[in-house]
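Some notes on the structure that comes next.
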Amino acid sequence: MFEVEFSIRDMFFDRAAVQNRLDKAEQRELSRIGAFVRKRARSILRRRKRVSRAGEPPSVHSKDNRASLKNVLFGYDPKIHGVAIGPIKLNQLNLTDTGRVTIPALMEFGGHVNIHEEQFRNMRDRTKWFRRDFRYRKRDLMRYRVRRATYAARPFMQPALDAEIAAGTIRDVWISSLERA
């Protein structure tokens, strides 16, 4: 699974550190590719109430523009000398058998997640469980359980990249940069 280990805001194409590493043409072309793929990824995602089917892009249920899958950023990645494009992490703790996984990674690749839940011991309705808040310690008043949930892949970043390649926009950007050189 691919995860960017740096702050993407430090690698925006308008930052001095990035501008010093790249020449103007390369900076412009990588920025254009990132913008094309970001726009396509945002347009693939739909705000709707229904849950998407496995294999189709996920539905966006949040109306918050910041904490949403539609908040896609791109920036220069010095490790690959290219552009990294993807949604922000979202601040929800999802645990797997091997560690943590982010919501965007879970949507893109699918997988298994352990959901920690709690319930008041004196609740009348024994069917209602609530997601556990890890900011607080376990309490004697509560019952706890771990439920394993399986999520089917609902990719949207890879299809966005594939669509831009098929449309020829990425190829056209590089051809135009070679013609200028």
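For the range 97-105, 3J(HN,Hα) computed residue by residue from phi via the Karplus equation (6.51, -1.76, 1.60; θ = phi - 60°) reads 5, 9, x, 8, 9, 8, 4, x, 5 Hz, glycine and proline entered as x. Which of the lysines could a cross-linker bridge to Lys24, judged by Cα under 29 Å and excluding same-chain residues fewer than eight apart? Leaving aside lysines fewer than 8 places away in the same chain, those within reach of Lys24 are Lys39, Lys70, Lys79.
Between the amide H of Phe120 and those of Arg143, distances stay under 5 Å, these residues lying 5 or more places away or on another chain, with hydrogens modeled in the peptide plane.
Taking every alpha-carbon pair under 8 Å whose residues sit at least 6 apart, the chain reaches a relative contact order of 23 percent.
Between Phe109 and Thr96, the modelled labels are 0.5 nm apart [label points 7 Å from Cα along Cα→Cβ]. Sequentially through the range 44-57, phi angles give Karplus couplings (6.51, -1.76, 1.60; θ = phi - 60°) of 6, 6, 10, 7, 7, 7, 6, 7, 6, 7, 4, x, 9, x Hz, Gly and Pro residues having no value and appearing as x. Each of the peptides 75-88, 54-67 was scored by the mean count of other Cβ atoms within 10 Å over its residues; in descending order, highest first, they stand as 75-88, 54-67. Ordering Tyr144, Tyr151 from the fewest to the most neighbouring beta carbons within 10 Å gives Tyr144, Tyr151. Scalar couplings 3J(HN,Hα) for the range 111-117, obtained by applying the Karplus form with A = 6.51, B = -1.76, C = 1.60 to θ = phi - 60°, are x, 10, 10, 8, 9, 8, 10 Hz; x denotes Gly and Pro. Principal-axis analysis of the Cα atoms of the chain puts helix 157-167 at an angle of about 30° to the longest axis.
Using the Stokes-Einstein relation with a Kirkwood hydrodynamic radius computed over Cα pairs, the translational diffusion coefficient of the range 111-151 at 20 °C and a viscosity of 1.002 mPa s comes to 193 µm²/s. Highest average first, the peptides 161-167, 14-20 ordered by how many other beta carbon atoms sit within 10 Å of their residues are 161-167, 14-20. Here Ala25 and Tyr144 are evaluated by their C-beta separation; at R0 = 41 Å the FRET efficiency comes out at 0.10. Here the range 1-67 is described by how far its Cα atoms reach on the three principal axes: 46, 25, 21 Å, from widest to narrowest.
Largest mean-square fluctuation among Phe134, Phe109, Phe36, in a Gaussian network model of the chain whose springs join Cα atoms under 10 Å apart, belongs to Phe134.
Comparing Arg100, Arg139, Arg148 in a Gaussian network model of the chain, where Cα atoms under 10 Å apart are tied by springs, the biggest mean-square fluctuation is seen for Arg139. Over the chain, the fraction of Cα-Cα pairs per 10 Å bin, rounded to whole percents and listed from the shortest bin up, is 8, 28, 30, 19, 9, 4, 1, 0. Close amide H partners of Asp77, meaning residues 5 or more places away or on another chain with modelled amide H under 5 Å apart, are Gly82, Val83, Ala84.
Taking packing as the residue-averaged number of other Cβ atoms within 10 angstrom, the listed peptides 116-126, 23-33 run from highest to lowest as 23-33, 116-126. In this structure the amide hydrogen of Val60, modeled in the peptide plane, comes within under 5 Å of the amide hydrogens of Arg46, Arg47, Arg48, none closer than 5 places in sequence on its chain. Would you look at the GNM of the chain, springs on alpha carbons closer than 10 Å, and say which of Arg46, Arg145, Arg38 moves the most? Top of the fluctuation ranking is Arg145. Neighbour counts of other Cβ atoms within 10 Å put Thr98, Thr169 in the fewest-to-most order Thr98, Thr169.
Each reported figure results from applying straightforward, stated rules to the coordinates on display, with no laboratory input. Keep in mind the model is a prediction, meaning the values are calculated, not measured. Cβ atoms come from the backbone with ideal geometry, glycine included; neighbour counts cover every protein chain shown.
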